[in-house]
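**Q** Structure incoming, see below.
The values are calculated or read from the model by the stated rules, or taken from the named source; none is laboratory data. This structure is a prediction, so every number in the text was calculated from the model and none was measured. Reconstructed Cβ throughout: ideal geometry from the backbone, glycine too, with neighbour counts over all protein chains shown. Accessible surface is based on the protein model in full, side chains and every heavy atom, while ligands, DNA and RNA are left aside. Shrake-Rupley method; radii C 1.70, N 1.55, O 1.52, S 1.80 Å.
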Amino acid sequence: MLNRHFFMTFGCALVLLSCQEKKEHISGQNSEIPKSFIFNMTQMYNSTEDNISFPLWFNDSIIRAKGIKCIKRKLYNSSNNEEDSPGLKEIKIYSFSSEGYVTSINVARYYERYCIDSLLYSYKGTPDSYGYSTLNVINFFGREMKASTEHAIRHKKEEYNAKFLIYSDEKTGGRLFFLTKKKNWGVLSVDSILNPNPNDLIVFGTPKKPVKSYQVENTVNESKVISYTYLEEGIHPKKINSSLDPFINIKYLEYNEQGICTGFIDSTFNNDVFITGKVSTFVFKDNLPFQTIHKINFCNKENEFLQIEKFEYDFFEKEN
C-alpha cells in the first residue's frame, strides 16, 4: 500500500487540479491569465530537456529584464528526508548573454562528493527564430567531444521550408521533423510530405511550442507519444502526457490565483496500475525560484524519496 500521507496529498492535489480545470472551463475569461515564468515548462523537467541543440529552457525576456548573467542549478538526492544533508548529484551552470540567450552550459556530475564527469556546451551564436543553435562540447580534460560519446542529444540542421523543419540526430542519424502548419498534421499528410522511418521523430508544432511528438512503425502505428495541452491563451502548458510502452506518464502543471506556476505533479502508470507519483514544488525568493522540492513515492513503499534542486543567480553589473 502507498504511504497514507502521500496518497492523501497526491490524491487531493489531483482532485484540486480537476476542480480547477472544471472551474476554468466554466468561468472562461474570468480565470486568471498565467504570468510569464522564468522556466519554459515545455522544455524543462521532461525528456526534451536533454536536447541541447535547442537551448529553450528559460524565458529570455525575463533573463534579459532581470539582467541575469548566470544560473547555477544544483541537484541533491536524499532517500531519508534529511533535507539538511542530502548528497550532491549534479551541477548545471547556465551562462547568458545580455540579450537573455544561453551562451554555455557546464554540466558536472558527482558521486560521493567527487566530480566524476564535466562537460562544457558552448554555443556559437544566438539561436535562430525556431530556437536552434549550433555548439561545441568540451570535456574536463579540454578535449572536444563527439556526439556519440555524450549523454545529451545533439542535432544538425538539415532543411527549413514552408511545411517543415528537418534536423538529424548526430549520434543515431535519425531525423527530427517539425510540421509547423496544423493543416499538415493528418496521417496521410505526414506520410506523403515526410515519408518517415521508425528512427525518425515527428513533432506537430515548433520547437518553441510543440503540440505532439511521436515515432511511427508504419503510417498508422504511433509510439513514444508525447502530447501537450495548453491553457486558453496557448502559451503556458496545462498537461503533458507521455507514453513509452508499457508506461504512461501524466504531468499536471499547477498555477496559483495570481497565475504563477508553483509546481507540477507527475504520475506514472503501467497498464492503468499506479507505479510512482511525484509532487514538485517551486519555492520563490525575490520572485525567482531558488528551490524545487521533488517528493517521490513508489508503489508499495512506505518512505518518500526526496530530491532537492537549488538555484543561485549572478547578475550583470548595472550601468551607471
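**Q** Does region 189-206 include one or more residues that are in contact with a helix residue (DSSP H, G or I) (Cβ under 6 Å, 6 or more places away or on another chain), open to solvent by less than 70 Å² (accessible area, probe 1.4 Å) and aromatic (Phe, Trp, Tyr)?
**A** Within region 189-206 (the criterion being in contact with a helix residue (DSSP H, G or I) (Cβ under 6 Å, 6 or more places away or on another chain), open to solvent by less than 70 Å² (accessible area, probe 1.4 Å) and aromatic (Phe, Trp, Tyr)), the answer is no, since none of the residues qualifies.
**Q** Okay, next question. Is at least one residue of region 168-176 touching a His at 6+ places or on another chain (Cβ under 8 Å), among the charged types (D, E, K, R) and not in a loop (DSSP other than H, G, I, E, B)?
**A** Taking region 168-176 and keeping what is touching a His at 6+ places or on another chain (Cβ under 8 Å), we get 168-170, 176.
So of that shortlist, the ones also among the charged types (D, E, K, R) come out as 169-170.
This time we only want the ones that are not in a loop (DSSP other than H, G, I, E, B), so: 169.
Yes, the conditions are met somewhere in region 168-176.
**Q** Could you please give the count of residues in region 106-126 that are among the hydroxyl-bearing types (Ser, Thr, Tyr) and modelled with pLDDT under 90?
**A** Let us first name the residues in region 106-126 that are among the hydroxyl-bearing types (Ser, Thr, Tyr), namely 110-111, 114, 118, 121-123, 126.
Then drop every residue that is not modelled with pLDDT under 90, which leaves 111, 114.
Counting residues in region 106-126 that are among the hydroxyl-bearing types (Ser, Thr, Tyr) and modelled with pLDDT under 90 gives 2.
**Q** Separate question: Considering only residues that are open to solvent by 10 Å² or more (accessible area, probe 1.4 Å) and among the hydrophobic types (A, V, I, L, M, F, W, C), look in region 55-74 and name the one that is nearest to Val225 (Cα to Cα).
**A** For region 55-74, the residue satisfying everything is Leu56.
**Q** Still on this structure: Among the numbered conditions (1) modelled with pLDDT of 95 or more; (2) farther than 15 Å from Asn46 by Cβ; (3) surrounded by 15 or more Cβ atoms within 10 Å (Cβ to Cβ), tell me where Thr292 comes up short.
**A** Unmet for Thr292, out of (1) modelled with pLDDT of 95 or more; (2) farther than 15 Å from Asn46 by Cβ; (3) surrounded by 15 or more Cβ atoms within 10 Å (Cβ to Cβ): (2).
**Q** Since Thr229 meets every condition but one in (1) open to solvent by less than 50 Å² (accessible area, probe 1.4 Å); (2) assigned to a strand (DSSP E or B); (3) of a type outside the set (D, E, K, R), which condition does it not meet?
**A** Failed condition: (1).
**Q** Now for a different question. Right, Ile226: in contact (Cβ under 8 Å) with a residue 40 or more places away in the chain and closer than 20 Å to Asn199 by Cα or not? Explain how you work it out, then say what you get.
**A** On the way: in contact (Cβ under 8 Å) with a residue 40 or more places away in the chain: yes; closer than 20 Å to Asn199 by Cα: yes.
Criteria met by Ile226.
**Q** Can I ask one more? Looking at region 103-122, which of its residues are at negative phi and open to solvent by 30 Å² or more (accessible area, probe 1.4 Å)?
**A** At the first step, the residues of region 103-122 found to be at negative phi are 103-111, 114-122.
Within region 103-122, Thr103, Asn106, Arg109, Tyr110, Tyr111, Tyr114, Cys115, Ile116, Asp117, Leu120, Ser122 qualify.
**Q** Moving on to the next point. So how many residues does region 238-286 have that are open to solvent by 60 Å² or more (accessible area, probe 1.4 Å) and among the acidic types (Asp, Glu)?
**A** 4
**Q** Still on this model: I'd like to verify a number: residues in region 254-274 that are over 21 Å from the mean Cα position of the chain (by Cα) and either part of a strand (DSSP E or B) or modelled with pLDDT of 90 or more (or both), how many? Spell out the reasoning first.
**A** First, the residues of region 254-274 that are over 21 Å from the mean Cα position of the chain (by Cα): 257-258, 270-274.
Of the ones still in play, those that are also either part of a strand (DSSP E or B) or modelled with pLDDT of 90 or more (or both) are 270, 273-274.
Residues that pass the stated criteria total 3.
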